[in-house]
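Quick notes on the structure that follows.
The values are calculated or read from the model by the stated rules, or taken from the named source; none is laboratory data. Keep in mind it's a predicted model, so treat the numbers as computed, not measured. Because the Cβ atoms are built from the backbone with ideal geometry, glycine has one as well, and the counts that use them run over all protein chains shown.
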């Protein structure tokens, strides 16, 4: 959901994390039931919570891997370096939050704002497919295939709602 990042400044790990977070965030928004009963502060918690959990899991798993690799207990400095390296990951919740807050301030219901955010998340995956295709020097059909692959993944995630919440389609 953070397609605004300039492609020449992207590193593969950043794209990996953005796409991973977008899909995870879309999934959380899809499976959460009861949006019509929530207040805006609750929605913020539902969005920030999973990103915070992913941040913690990245810090913990990276710490375990680094400790196993060095075969020694990590120092406080090493642990802080890992936290610092993972800290930007927390920013990935900003685009969907901003999108929801803007819609909310414009008077859009939370349920509709979440639907719009989900659809834009799916479209952003197509955008990332395009960016990656361009960065890998794809042209023509190859670039189109990369873009369509991203859109396809976005649509598959949206279709999860049909199976996880029968009768509550993303479109209405």
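Are any of the residues in segment 136-149 buried (at least 17 other Cβ atoms within 10 Å of the Cβ), touching a residue at least 24 places away in the same chain (Cβ under 8 Å) and over 22 Å from residue 46 (Cα atoms)?
Looking through segment 136-149, none of the residues is buried (at least 17 other Cβ atoms within 10 Å of the Cβ), touching a residue at least 24 places away in the same chain (Cβ under 8 Å) and over 22 Å from residue 46 (Cα atoms).
Could you list, in sequence order, the residues of segment 23-45 that are exposed (fewer than 12 other Cβ atoms within 10 Å of the Cβ), part of a helix (DSSP H, G or I) and in contact with a helix residue (DSSP H, G or I) (Cβ under 9 Å, 6 or more places away or on another chain)?
Scanning segment 23-45 gives 31, 36.
Mind checking which pairs have a first residue in segment 69-83 that is assigned to a helix (DSSP H, G or I) and a second that is surrounded by 11 or more Cβ atoms within 10 Å (Cβ to Cβ), Cβ under 7 Å, 6 or more apart or different chains?
Pairs that qualify, where the first residue is assigned to a helix (DSSP H, G or I) and the partner is surrounded by 11 or more Cβ atoms within 10 Å (Cβ to Cβ), are 78/66; 79/63; 82/59; 82/62; 82/63; 82/66; 83/59.
Regarding segment 155-163, can at least one residue be identified that is assigned to a loop (DSSP other than H, G, I, E, B) and either touching a strand residue (DSSP E or B) at 6+ places or on another chain (Cβ under 8 Å) or modelled with pLDDT under 85 (or both)?
If we filter segment 155-163 for residues that are assigned to a loop (DSSP other than H, G, I, E, B), which is where we start, we get none.
No - not one qualifying residue is present in segment 155-163.
Please enumerate the residues belonging to segment 46-68 that are farther than 30 Å from residue 110 by Cβ and either without any contact (Cβ under 8 Å) to a residue 12 or more places away in the chain or outside any helix (DSSP H, G or I) (or both). Spell out how you get there, then give the answer.
Here is the first cut: in segment 46-68, the ones farther than 30 Å from residue 110 by Cβ are 59-68.
Once the filter is applied, which keeps residues that are farther than 30 Å from residue 110 by Cβ and either without any contact (Cβ under 8 Å) to a residue 12 or more places away in the chain or outside any helix (DSSP H, G or I) (or both), segment 46-68 yields 60, 61, 64, 65, 67, 68.
The conditions are (1) at pLDDT 90 or above; (2) within 18 Å of residue 16 (Cα to Cα), and residue 104 fails exactly one of them. Which is it?
(2)
Pairs needed: first member in segment 153-164, at positive phi and surrounded by 19 or more Cβ atoms within 10 Å (Cβ to Cβ); second member anywhere, at pLDDT 90 or above and not in a helix (DSSP H, G or I); C-beta distance under 8 Å; at least 6 residues apart or different chains.
Pairs that qualify, where the first residue is at positive phi and surrounded by 19 or more Cβ atoms within 10 Å (Cβ to Cβ) and the partner is at pLDDT 90 or above and not in a helix (DSSP H, G or I): there are none.
Tell me which residues, restricted to segment 97-120, are under 15 Å from residue 37 (Cα atoms) and part of a helix (DSSP H, G or I).
Scanning segment 97-120 gives 104, 110, 111, 112, 113, 114.
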